[in-house]
Each structure stands twice: as C-alpha cells, then as structure tokens.
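Heads up: the structure comes next, in structure tokens.
None of the figures in this text is laboratory data; all of them are computed from the coordinates on show. Treat the numbers as computed from the prediction; the structure is a model and nothing was measured. Neighbour counts run over all protein chains shown; Cβ positions are idealised from the backbone, glycine included.
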Amino acid sequence: MDILQVILTSVFSFIALFILTKLMGHKQVSQLDFFDYITGITIGSIAAELATDLEAPWKSTVAMVIYALATIIIGVVTRKIPKAREYLNGASVKLIDNGKLIRENLKKAKLDLNEFLMMCREKGYFDIRNIHTALFESNGKLTILPFSSHRSVTPDDLQIKVPQESLFAEIIMDGRVMEKNLKQLGLDLTWLSKKMDEHNIKSASEVFLAVCDRNKNIAFYKKDSKSGS
C-alpha cells in the first residue's frame, strides 16, 4: 500500500509542478523544456531527501524512478504527436511583427517591457526600431530577425569570395607540443619549429598556447604576453 501511495503522490506532484511552471512562464525555464526543468529540480530535491532518509530510502528511490519514467514517456509523446508537443512544451510567441510591438503577446509571455528591452540589449539591439521580428521561444530565449537594412553586411552582399574558415586546434598547451593534433592537421615538428623561429620563439616551453587551423594559420600566446603573436 505504501508503494502505491508513493506512486500516486509522485504523479500528483509532477502534474502540480507542470501547472505551476506553465503559470510562471517560459522565462522561468531558461533553455530547458518544461519537463527537463521539472524533473531536474524535483529529482534533485528527492535525492537530497534520499541521502538523509535512513528508515525508508526506497520511497525516495521509487519517486525518482516515477519522475524519470514520466519524462521519458512525455518525450516520446511529444516526438510522435506534434500537437501534443505544442501544448506540453509550448510554442513561440511573436513579440514584434514587422516592426510593431505586440503588447498583448508580451502579457501572454509574462514579460514586462523592461525585461523585453533587456533581452533585446543582450542580443545587441539597443534600438528596437531595427527589429523586424522578435520571437519569445519556448525555452525562454529571445530570437530576433532584424530589418534587412540593419543586418550585418556579408561577403555575398558585396559579391566577394572568401576562403572557408576552419576550426583551430591546439598544437601547444602550457609548453607541451600536442603532436597528435599537429599530425591531424597534416603538419609535423619541423614545420612547427620553422614557425616558432619566425615568431622568435626558441622553445615550446615559452608558449602558453598555440593554435592552428587547416589553412596553416597559426597564433602563438607566450607565457609572458597577454596577446597573440
């Protein structure tokens, strides 16, 4: 009978937390979906109780399993049924459309004007007149599409061909040569020594960090310097 009571109370608390999180709004979640948020805070609390409950630790264990299973089941449901995904995880809310601020949707998103302006500034938009569309996503983040006249100019706009950039790999870290990374770039110690000579570096021990990409662009950060060379 005790285990049935634990299962029922766990399911009830899960539903209660879901409703409360919905009422608090997406900004409370911040990057997590509703169920990750609920499961995270609740399993953490249950685990803390489990560590101190020496009389019946199985109760807390059962509760954690119930929460985990509920999250897995709901995850499957939201993947299989798009309508359920929109209802359970929420949908994006349009806060600015074609440059017009939608006051009703700010209320729907449970954001006040100051919070919204702060989120715009965090995205680099200090003048909301430059924003064509702003969406408040279900993970509590703001997505912005600027007016075309205010977006950054790209090489395609200027019809300029630029070489494709590639990821940098660490080839020296804290004075140690990372030979594996060097080989993956198709380079060797002889090439590295030549580059070090060009930058007046006598030994790898003088280098705090050195990074290089597949285009052989290399940057050295010496131990006695704050800037690359």
Quick one: what are the phi-derived ³J(HN,Hα) couplings along region 188-194, Karplus 6.51/-1.76/1.60 with θ = phi - 60°, whole Hz, x for glycine and proline?
9, 5, 5, 4, 5, 4, 5
How much FRET efficiency would the formula 1/(1 + (r/R0)^6) give for Lys110 and Asp224, where r is the Cβ-Cβ distance and R0 is 45 Å, rounded to 0.05?
0.30
Using θ = phi - 60° and the Karplus form 6.51 cos²θ - 1.76 cosθ + 1.60, what ³J(HN,Hα) does each residue of region 113-121 get, whole Hz, x for Gly and Pro?
4, 4, 5, 5, 5, 5, 5, 5, 5
Would you mind calculating the gained length between Ile102 and Val162 on full extension (0.36 nm times residue separation, minus the Cα-Cα distance), in nm to one decimal?
17.6 nm
Around Ile131, what is the net charge, scoring Lys/Arg as +1 and Asp/Glu as -1 over all other residues with Cβ under 11 Å from its Cβ?
+2
